[in-house]
Amino acid sequence: MTTSKTDRVNAAVRRLRRAGLRNTAARRGVLDQLAHAVGGRGHLTVTELHHALLAHGVAVELSTVHPVLRQLVEWGTAHTVPVGRTTTLGLADDAHHHAVCGACGDMRQSPEAVDASLATARAVGPDLPAQPGGVVVYGRCAGCRTATR
């Protein structure tokens, strides 16, 4: 498991290079921002990502961010998690589960039991990618459950 932002980005760049993709400024900027999105949520929407790139001096058009993200997902370097009517993206360097509140959109990452879940899924037979993003569970967070009582 890679833990520092630099380690996570360097590992992602190595995976892309093995796939024959160059380390462009746009790709590197996107990887940097996804690696920076650590913590409970650990994911960004495309709009949040684009704003973060611009705020950190990476002059890239939104029309460039979309294909970069598609490539990163295609090559297993990033993964998507639908949250409400939008999609969030995160680095797919360490398998983890996601718990998403269907009411407020709050998302948490949890690495617990990922190995056991993946082993069970593989036993059923699906062809899972080398860097799976885990399982997404939707429900209501404690705050939203309390607010509706």
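Tabulated results
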read-out	value
Check on Arg108, under 21 Å from Val136 (Cβ atoms) and in a helix (DSSP H, G or I)	no
Per-region count, region 12-58, residues in a helix (DSSP H, G or I) and not basic (Lys, Arg)	23
Positions within region 71-105 being small (Gly, Ala, Ser) and surrounded by fewer than 17 Cβ atoms within 10 Å (Cβ to Cβ), in sequence order	Gly84, Ala99, Gly102, Ala103, Gly105
Some residue of region 77-86 being farther than 27 Å from Arg18 by Cα, at pLDDT 80 or above and touching a His at 6+ places or on another chain (Cβ under 9 Å)	yes
In region 56-65, the residues that are loosely packed, with under 12 Cβ neighbours inside 10 Å and on the phi < 0 side of the Ramachandran plot	His56, Ala59, Glu61, Ser63
Check on Leu53, free of Cβ contacts under 8 Å to residues at least 40 places away in the same chain and surrounded by 14 or more Cβ atoms within 10 Å (Cβ to Cβ)	yes
Enumeration of residues in region 1-50 that are buried (at least 21 other Cβ atoms within 10 Å of the Cβ), at pLDDT 90 or above and among the β-branched types (Val, Ile, Thr)	Val30
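The values are calculated or read from the model by the stated rules, or taken from the named source; none is laboratory data. Quantities reported herein were computed from a predicted structural model and do not represent experimental measurements. Reconstructed Cβ throughout: ideal geometry from the backbone, glycine too, with neighbour counts over all protein chains shown.
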